[in-house]
């Protein structure tokens, strides 16, 4: 019995010997609770779902740097510069590329197109090609998988604290998945092959203005 | 500070070393999973909670105060996540605590083959606060001081609340038959 538990036992003041006996039996049972092994694959899943390494850096250092006014002014100037360049390019280049031409990137419905609340992701990996699109299904988010699978892969869908895994075997996959998370929250999708993450994507669910 | 101490691994993680974080997951996946399992009972839920716990720890490593022990901080995330997961699960199932207790009365406890199962049932019948104390002390092996850090309350308060939680467990009808026989 640990020092803590001996200490507790001394401070218990049981009402009766029977009570003391029951308490001791309970202590022994609690001390011998079965410890289960962690499920196989947990480590691989955690490592596969980790965001880019930069996320683990010490935040306070970054915040301290931003308290310096010169950084804020530099950032403001850079932001205005990017905005100006964007406006010029938008006028010169004209229309945006078709959504299906964007591979492995975020495709969010643009304002005024009538595609509110619908977004899609195109995958073009060696072992996995096709698209994953999302739309609202009541209070949940529904994903439509339209994929050609060349080699067995696992898809890990993370939405806030909700995580769903789906193993895909070679062949065509056409199916719907419903995620329990909020329909307007973004979904991080990690493609895992043989326990190693081979691709990570973000399906944006930000509702356009 | 030894090379493979929690502190050293956390520092390496903060510099972007994923291998260091992998070492922490290997070290703590078992206790975190067991804590979640005792809090929630369902192995699938416990697995999900364990995974989310490590992901949140990784994302928030910048907020971790190295003055405290890493595992105290990690266990707090795991227990909070377990409680939140349990709440979400209950709201889905629309199953109140009273209904659960009624469905698992002393008669059923008497029929349980394993003491471990009976104890798990009794732990599940406790309030979330009491369950957290029991899991921290008996499943995770935390001392009063560590529990005080994890729960952010004085060690004396930990002691009195743990005593109260244990009394409730002792008086649980789910364990009455077994404790009388013991």
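Two-decimal Rg/Rh of segment B:21-70 from alpha-carbon positions, Kirkwood Rh?
1.01
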>> Need one number: nm distance between label points at residue B:18 and residue B:181, each 7 Å from Cα along Cα→Cβ, rounded to one decimal.
In response: 5.1 nm
> When the label point is put 7 Å from the Cα of residue A:148 along its Cα-to-beta-carbon vector, which residues of segment A:163-205 have a backbone N closer than 14 Å?
Replying inline: A:170-174
> Distance in nm between label sites at residue A:16 and residue B:117, each 7 Å beyond Cα in the beta-carbon direction?
Replying inline: 3.0 nm
> If we count other beta carbons within 10 Å of each Cβ, what is the order of A:204, A:184, fewest first?
Replying inline: A:184, A:204
>> Can you give me the distance in nm between label points at residue A:35 and residue B:3, each placed 7 Å from the Cα along the Cα-to-Cβ direction?
In response: 2.6 nm
> In degrees from 0 to 90, rounded to the nearest 10, what is the angle of the helix B:155-170 Cα long axis to the longest principal axis of chain B?
Replying inline: 30 degrees
> Which FRET efficiency, nearest 0.05, do residue A:139 and residue B:56 yield, Cβ-Cβ r, R0 25 Å?
Replying inline: 0.60
> Taking the Cα atoms only, what angle lies between the long axis of helix B:43-59 and the longest principal axis of chain B, rounded to 10 degrees?
Replying inline: 30 degrees
> With springs only between Cα atoms under 10 Å, which of B:141, B:16, B:86 fluctuates most in a Gaussian network model of chain B?
Replying inline: B:16
>> Give me the inter-chain shielding for B:62-73: mean count of other chain Cβ atoms within 10 Å, whole number please.
In response: 1
> Which stretch or stretches of segment B:36-80 have amide N atoms under 17 Å from the point lying 7 Å from residue B:143's Cα along the Cα→Cβ direction?
Replying inline: B:67-73
> How do A:157, B:21, B:163 rank when sorted from fewest to most other Cβ atoms within 10 Å of their own Cβ?
Replying inline: B:163, A:157, B:21
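Arrange the following residues from fewest to most other Cβ atoms within 10 Å of their Cβ: B:54, B:70.
In order of increasing Cβ crowding within 10 Å: B:70, B:54.
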> Which value in deg cm²/dmol, rounded to the nearest 500, describes the helix-derived mean residue ellipticity at 222 nm for chain B, given -39,500 (n - 2.57) per DSSP H run of n ≥ 4 and division by the residue count?
Replying inline: -23500 deg cm²/dmol
>> Just to confirm the number: angle between the C-alpha axis of helix B:115-125 and the first principal axis of chain B, 0 to 90 degrees, nearest 10?
In response: 80 degrees
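Specify whether the C-alpha gyration tensor of chain B places it in the rounded, prolate or oblate class, a ≥ b ≥ c being the square roots of the eigenvalues: rounded for a/c under 1.5, otherwise prolate if a/b is larger than b/c and oblate if not.
Prolate, since a/c reaches 1.5 and a/b exceeds b/c.
Read the figures in this text as sums done on the coordinates, not as results from a lab. Since the model is a prediction, treat every value here as computed from it, not as a measurement. Don't worry about glycine lacking a Cβ; one is built from the backbone with ideal geometry, like all the others, and counts go over all protein chains shown.
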